[in-house]
Every structure is written in structure tokens, then in C-alpha cells.
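These notes concern the structure reproduced below.
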Amino acid sequence: MKHPPVSKDLLARQLLVYILLVSSLFTLLATGLQLWVDYAKDVDLLKTRIHEVQKTYLNSLSLSIWDMNTSHVNAQLNGILKLPEISYLELKTLDTTYVVGKKPPVIRSVVFEFPIEYVDPQAQFASETVGQLIIHGDLQYIYARLKQRVLIILGAQTVKTFSVSVFVLFIIWYFVSRHLHRMSKFARTLNLESLGTPLVLAGARTRKNELDMVVDALNAMRINLSQARESLKKELITQQRLNASLVNTIRDRDLAEDSLSQSEARFRVLVDNIPGAVYRSASDPDRTMAFISDTIQEISGYPGSDFINNRGRRFSSIIHREDAPMVRRKIEKGLKAQEPYSLEYRILHAGGGIRWVNEKGQGLYASDGTLLSLVGAFFDVTERRRTQEMMIQTEKMMSVGGLAAGMAHEINNPLAGILQNTQVMNNRISGNLAKNRQAAEACGTTMDVIIAYMENRGIFSMIEAIMESGKRAAAIVDNMLSFSRRSESRFELNDLGELLDTSVSLLETDYDLTQRYDFRKVEIRREYDGAVPKVPCEAGKLQQVFLNILKNGAQAMWKTHEAGTRPCFVLRLMKEGNRVRIEIEDNGPGMDEETKKRVFEPFYTTKEVGAGTGLGLSVSYFIITENQGGTLSVESSPGKGTTFIIRLPLEQQR
């Protein structure tokens, strides 16, 4: 191994540099302190000289000013100017200003101001200010003297520092550096082939110092290396034997890892292609997951990492609370019998909806029968459940449709007789017909008496009630026949937004206090997607569906309105693949599960007796599914309103 070149006397030179730096620093500090002391002395001397000027010249100046002797004043000022360090004088009297000398820069001047007072010899202690003397002392001479002192001090200190440094450098080289060079050379040339030669420093010493201790340590290291060399040879032989065995072990492990990787890859491909989520969990009430595949996010809306060791949430927390007891009971039953279990239940989706899952699994047991974990898979069967419910509903509607047709025909004949005979009775008691008057006279009375009697007994109102009830029954029969009859339909392209708006406008004129609601007070919110095209449909029948849903919703919301919440419909239109989705959402009281299952059944109603026939939504279901080729479903829960969802194809199905 090559070592980088090392400069000789590097340590000595570094020490010399540090000594020079420290000596220079202290020299500068000492020089600065000396200069400051000298500067302060010179300034004090200048101040003393100027104060002597005050004592010597001010009295004579005051007499000259008082006598207005200008020549004496100038002579005295010139005399003061000749004093050392004084470069400028300014004398201000009451009527004249005297200036002598050149004014120095502010940075190197010291200014003194003295008032000049004249003392009258005849008046004791009486004085009068006759002027002001301003003296500028120039520090230039002081700065020049300081500069000379700096040069002398720095020169002397430099010579002293250099001499001491050279002497220190020689001492370091003689006692330290040359021995360090020898030890460094010995250490660089030391190898396994030259372990027999010890290190010896030049010069005889009676007492050992730190360098001798380092030499002893290097020689001890040389002996230890020699011993370690022999031990290393023995260990090398042993290590070669172990390496041969390790190579075989590594080869076997690599083969096992390759086999395991292939197995894991096959397992991953299998898991990814299973139409469900594979899991392994504990048998605790929380269903703590040790592993669950990523497909669970497509089913529940939550990433699988949320369920691993309950990091984000417990799997049991998304099981519908009504189904949770059944889930625990069936799994415990399968584990008790040590048999696979299979069950279907609802889970709460992250988006707020409900999904149906089919879970198939079994327990894993140790050889002594101890339960280790649960393994299985979840499958999303929501669409299958919806399809089954729609098939059941459609089958039920078809069965009821046939029954309704038979009932309608059976009721229609006697109903026609009732309406016809009621109309005939109404004509026979009319006073406008000549035959009625003749028959009354033949019986010894008049039509006026008969009419008065019948009005007095309320017979006319009874006949009118019979007619109204008959007409209402005829309308019900007509709805039943429409429900059971599939006639030829005329499809035209229609704007669904316009049909919804027209239906709302029609209902806004439906104001009847007997119905206990006022549609004009219902808030309408529209969320129409402008990209929705026109749809082939029968406008009249589709409007009948809209009117039935809106009217039922308004009547249901009116109860909520009475509790303080304003009724509101949200009408939505959006494109969904090759279909158009229509949503009619209200903020009414909502429905429970039982009501949702039966809401489209004929003659099923939650209204008071006489307030509804129970055919509106069943006829609407028939119109959408049979006539329009679409689907009609409902989403609702108690206290959260109801949403009817209509899906219509964009192309007419032949």
C-alpha cells in the first residue's frame, strides 16, 4: 500500500507558524496599548499648554479689547499661534472677529473655548464679557510622533520574535521531529517479512520520555504481529475448509430461494387473479388481519394496509352492525366443527354506501388441534344481490300484473253498472224532464216537493258521493289495466331536463290544503350535466313517473317541514356509460329496510287510509322497466332522506 508523501519538518513548521501568530498578536496588543498611553499623555500635555494660554493671555487680551487696540490684539494672537500644536485661533468680540492661522480638519483637531471678561479696577468684583477665544489644537504632530514609535516597537519585536522562533524550531527538530521521522519510516516499512528488526532511536538517554514509550509500543506491536501471523496461518487453513462447506451451503440456499421465489410468484399471480380479497387473520373479535390482498380496496374502499394489525381500522368495524352477530355466530360454528364456513353479509364502504360480500374461509390448526389463524377470501356480490332483488321484484310485478288484470276486468263490469245506474237515478230526479213531472203527478205529488225532500235528506250529496267514488274506482281500475298491459310505445328524442322542469311546473299548481302540503314551498335544486344528450322515451309516461316520485316525496317531506326543516328536492342528470342516470333526492324522513323492499309492490302504501292507492310507484316501476327498458331503484335510510335512481338507455332497445 502506497502512502502519500509527507513533508519533512511539517510539525516544526506548524508550531513555528502558531508561535509567530501568537507572538505577533501579543506584539500588536502591547504596541497598541503603548500607543494609546502615549497618545493620552500627548493630548493631556496639549490641554495643559492651552490652559496655560488661558492663564497667561486672557487678561491682557481683555484689556486690549476694552481699549480697542487692534494691533495689540493681533500681536497677542500671533504670539499664541507660535506655541506648539496650536494651529488656529478665532477671537469673537462684540463688534469684530479676529482669525489667525489655518483651521485643521475636524478629525485631527481639539477645540477649546474660553470667555474673555474685563474686570474694572475701580469696581470691586464687577466684570463684563467682552469676547470669546476659540483655540484649535492640531493633533498632526502627536500622530507623527506615534508613527515613529510604532515603527521602532514593531521592528524590535519582529527581530525578537524571529530569533525566538528559529531557536524553538531547532529545539523541536532536534528533540522531536527527527525521532518522529525515524518512527514514521519504521512504521511504513514494517511488514510480515521484516518483523525481526526492532526500532532504536539515535542518542543515548538515561531516562525514558514519551517518544521512548511510543518506540516500546511499536516494538510490542511488532512482536504481536509476528505471533498473530502464525495464528493467522492456522486460522486460514481452517477458514479454507469452512469456505468449501459454506459454498455448498450457499448453493443449496440459492436453489431453495429460487424455488421459493417461483412459488411466491405463482402464489402472487394466483392471488391477483382471484376475483376477491385473500386474507389470513386472527380469531379475535376485531378480525385482526395478518395479511389481506390489495383487492380489498376495490371491495371496501379502504387500502389493505389499514387492516394489517389494525393500523388504520379494525375489519370488524366495517361489518354492518345488524349483520355482525350473524357473522360471529357462523364463523364460530364452523371453527367449532373444524369445517369451512361460507356466509354473506353487508360491509360499510369508504364512500358511504353498503356492499354485499360473500366470505369463504376455514381455520388453520396445529398438530395438537390448537387454532392458529383463519384463512379465506372475500368476494363482492353486491351486483349479484341487486340483480337477484330486481329479478324477484320483476317476477313479483309480473305475477301481480296478471292478478291485477283479472281483478280489473272483474271489477270493471259491476263498476260500469253502478256508474250507469247512478247517472240514470240522477236524471230521474231532475225537474227539467217532462216524464219526471208526469210520473210525480201520477203519484199525487210534484217534482218540486220531491226535490225539496231529497235536498232536505241529503240524497243529492249521497248520489254525488257515489259518482265520485265510482270515478275514483274507475281510475284505479284503469291504472291496474295500464300496469298489466304492455302496449305499443312511441319513442321520441326528449330532453330529460325539460321533462323534469315541466313536471315541477305542473306540481307547483297542485295546491290543495286537504293534501296537507304545498309544493310551491319546496326548494328545487338542479344539477344537470350539460353533456347529457336527448334520450328516446315516451315523454308522457316518463312525466307520470316524475310526478309520482315528486308528489310522494313532497308529501313525505311535509312532515319534516313541520319539524322546522325546509323541504328540498335535488334533481340530477348525468351520463353513465351508454345510459343516462336520473336522480331525484329529497331530505324527507327516509325509509327503513322493510319499506325499501316493498316500495314498488302494488297496493303497498305508508299513507293514511284513503290518502293513497299504493299503485303510483308500482306503475312507475312498470313504466321504467317494461316500457322504457331501464331500471328504477331506491336508496334510503331512516332520517337521511330518499333518492330514486332511474337509468335509461341512450338507444331504443328493440
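The values are calculated or read from the model by the stated rules, or taken from the named source; none is laboratory data. Since this is a predicted model, take the numbers as computed values, not measurements. Positions of Cβ are generated from backbone atoms using ideal geometry, with glycine treated the same way; all protein chains shown enter the neighbour counts. Please note that ligands, DNA and RNA were not included when accessible areas were found on the heavy atoms of the full protein model with its side chains. Shrake-Rupley method; radii C 1.70, N 1.55, O 1.52, S 1.80 Å.
Values for this structure:
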| read-out | value |
| --- | --- |
| Other-chain or far-sequence residues with amide H under 5 Å of residue 86's (modelled H) | 138 |
| Using a Förster distance of 56 Å, the FRET efficiency for residue 332-residue 432 (Cβ separation, nearest 0.05) | 0.10 |
| Burial ranking of peptide ranges 226-237, 93-104 (average Cβ count within 10 Å, highest at the top) | 93-104, 226-237 |
| Approximate spin-label separation residue 188-residue 129, in nm, with each point projected 7 Å along Cα-to-Cβ | 8.5 nm |
| J(HN,Hα) series, segment 77-86, from Karplus relation 6.51 cos²θ - 1.76 cosθ + 1.60, nearest Hz, glycine and proline x | 5, 5, x, 5, 4, 6, 5, x, 6, 9 |
| Accessible area per residue in Å² at 1.4 Å probe, computed on segment 98-175 | 69 Å² |
| Rounded FRET efficiency, nearest 0.05, which uses the C-beta distance separating residue 99 from residue 75 and R0 of 22 Å | 0.90 |
| For segment 174-189, 3J(HN,Hα) per residue [Karplus equation, 6.51 cos²θ - 1.76 cosθ + 1.60, θ = phi - 60°, Hz, x = Gly/Pro] | 5, 8, 10, 4, 5, 6, 5, 4, 5, 5, 5, 5, 5, 5, 5, 8 |
| Eligible lysines near residue 336 by straight Cα distance, threshold 18 Å, same-chain separation 8 or greater | 360 |
| Ranked by how many other beta carbons lie within 10 Å on average, peptides 419-429, 244-254, 639-649 from highest | 639-649, 419-429, 244-254 |
| Percentage of interatomic Cα-Cα distances in segment 277-388 larger than 18 Å | 47 percent |
| Most to least packed among 571-577, 147-153 [average Cβ atoms within 10 Å] | 571-577, 147-153 |
| Selection from 136, 169, 159 lying farthest towards where the dipole of segment 108-180 points positive, charges on Cβ | 169 |
| Over 20 Å between alpha carbons, listed pairs 47/82; 55/82; 41/102 | 41/102 |
| Integer Hz, Karplus 6.51/-1.76/1.60 couplings in order for segment 295-306, x for Gly and Pro | 4, 4, 5, 5, 7, 9, x, 9, x, x, 4, 5 |
| Distance between modelled label sites at residue 164 and residue 309, nm, 7 Å Cα→Cβ extension | 6.8 nm |
| Reachable lysines from residue 640, criterion Cα separation under 23 angstrom, eight or more residues apart if same chain | 521, 551, 559, 596, 597, 607 |
| Residue 521/residue 321 FRET efficiency (R0 41 Å; Cβ-Cβ; nearest 0.05) | 0.65 |
| Distance (nanometres) between label positions extended 7 Å along Cα→Cβ at residue 39 and residue 457 | 14.0 nm |
| Carbon plus sulfur fraction of accessible area for segment 234-373, probe 1.4 Å, in percent | 51 percent |
